[in-house]
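Taking it in order: structure first as structure tokens, then the write-up.
The values are calculated or read from the model by the stated rules, or taken from the named source; none is laboratory data. Values in this document were obtained by computation on a predicted structure and should not be read as measured data. All Cβ positions, even for glycine, are placed from backbone atoms using ideal geometry, and neighbour counts span all protein chains on display. Accessible surface is based on the protein model in full, side chains and every heavy atom, while ligands, DNA and RNA are left aside. Shrake-Rupley method; radii C 1.70, N 1.55, O 1.52, S 1.80 Å.
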Amino acid sequence: MPEGDSVYRLRRHLEAATLGARVRDGELRSGNAAGRSLAGVRIDGYDTHGKHLLTRFDDGSTLHTHLRMQGSWTITRAGRSLPSAVRETARVRLRLDDGREMWGLDLPVVELVPTVLESRAIGHLGPDPLRDDWDAAEAARRLSIRPDRPFVAALLDQTAVAGLGNLWVNELAFLRGIHPFAPIGMTDLEALVALAARCLRISATVPGMYQVTTGDRRKGSSHWVTGRAGRPCLRCGTRVSVRDEVQNDPEQRRTWWCPRCQPLPGTADVGTPG
């Protein structure tokens, strides 16, 4: 599932490729303005907040999109097209003045809003470590409101901190040495927020470090616990555990942890060495 660093990197790619381009023809194919032609507008800028992408046009409107599990953006060269089966999933099509086409594919959220009213789409979100207006103290305060909330649930709540998805939540729990279902209040929230911000920024901006949490980019070694169920912990050798976070979760999120490095408070289960 795309996380804040994924969308930030997407934004930088789209900026480099299309900022200032004018739309020759194109339309929205879903959402509140389905059928609306965007012919004639110029792409004035891009922004992100958490996992949300904002595409701003010179007519005072903003296209708000969210990838969730399945969405993507792609750009085809002039004279090239997508396979018909892929074109059928397009929710946004923009043919630029140089003949290239931008395609928003299988996007579950497509919303056109006045730029001055962007807060209607993203105003509920918490502070984002990748934004200039990042407020670490406010993020810690929001996490502290419900100190008994499970660690994973608290960090996945985008109204507390925006941009952390399942991968980062699992890795942060390991790095803080806390069981993923222990109360969030059991860890130092200021230290947690600082660590989360540092990790997300490195992932988003440092070449070769995208979602590498161990510092080791080799296949199978880039994550401490995520995706490593039944394999030995890279720190202590205990077999990594996994379980569904929420039964029948449509996003199929799972939670991984090392029982020895992240013991559940009040239990003696420290797992089995690998």
Next item on the list: From the list Pro114, Pro150, Pro127, pick out the single residue that is closer than 30 Å to Val41 by Cα and either open to solvent by less than 60 Å² (accessible area, probe 1.4 Å) or in the same structural domain as His66 (by the TED database) (or both).
Entry: Pro114
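Out of Met102, Met69, which single residue is exposed (fewer than 13 other Cβ atoms within 10 Å of the Cβ) and outside the structural domain of Arg253 (by the TED database)?
Details: Met102 fails: exposed (fewer than 13 other Cβ atoms within 10 Å of the Cβ).
Only one candidate passes the filter, namely Met69.
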Check: Restricting attention to region 229-262, which residues are of a type outside the set (S, T, N, Q), closer than 15 Å to Val152 by Cα and either modelled with pLDDT of 65 or more or open to solvent by 30 Å² or more (accessible area, probe 1.4 Å) (or both)?
Finding: Val242, Arg243, Asp244, Glu245, Val246, Glu251, Arg253, Arg254, Trp256, Trp257, Cys258
Check: Within the group Leu155, Leu189, which residue is under 16 Å from Gly50 (Cα atoms) and of a type outside the set (Val, Ile, Thr)?
Finding: Leu155
Margin query: Pairs needed: first member in region 48-68, of a type in the set (Ser, Thr, Tyr); second member anywhere, not in a strand (DSSP E or B); C-beta distance under 6 Å; at least 6 residues apart or different chains.
Written below: Thr48/Val7; Thr48/Tyr8; Thr48/Arg11; Thr62/Thr115; Thr62/Glu118; Thr65/Leu107
Margin query: Six or more apart or on different chains, Cβ atoms under 8 Å: show the pairs whose first residue is in region 113-126 and free of Cβ contacts under 8 Å to residues at least 24 places away in the same chain and whose second is crowded, with 17+ Cβ neighbours inside 10 Å.
Written below: Arg120/Val113
Note to self: Here's a check for you: in region 1-28, which residue that is open to solvent by 80 Å² or more (accessible area, probe 1.4 Å) and part of a strand (DSSP E or B) is farthest from Gly165 (Cα to Cα)?
What the structure shows: Arg24
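What's the total number of residues in region 167-181 that are surrounded by fewer than 20 Cβ atoms within 10 Å (Cβ to Cβ) and closer than 14 Å to Leu156 by Cα?
Taking region 167-181 and keeping what is surrounded by fewer than 20 Cβ atoms within 10 Å (Cβ to Cβ), we get 175-177, 181.
With closer than 14 Å to Leu156 by Cα added as a condition, the list becomes 181.
Looking only at that region, the number is 1.
Of all residues in region 197-228, which are loosely packed, with under 15 Cβ neighbours inside 10 Å and out of contact with any Gly (no Cβ under 7 Å at 6 or more places or on another chain)? Can you show your working first?
So the first thing to find is which residues in region 197-228 are loosely packed, with under 15 Cβ neighbours inside 10 Å, and the list is 198, 205-208, 215-221, 227.
Across region 197-228, the qualifying residues are Arg198, Thr205, Val206, Pro207, Gly208, Gly215, Asp216, Arg218, Lys219, Gly220, Ser221, Gly227.
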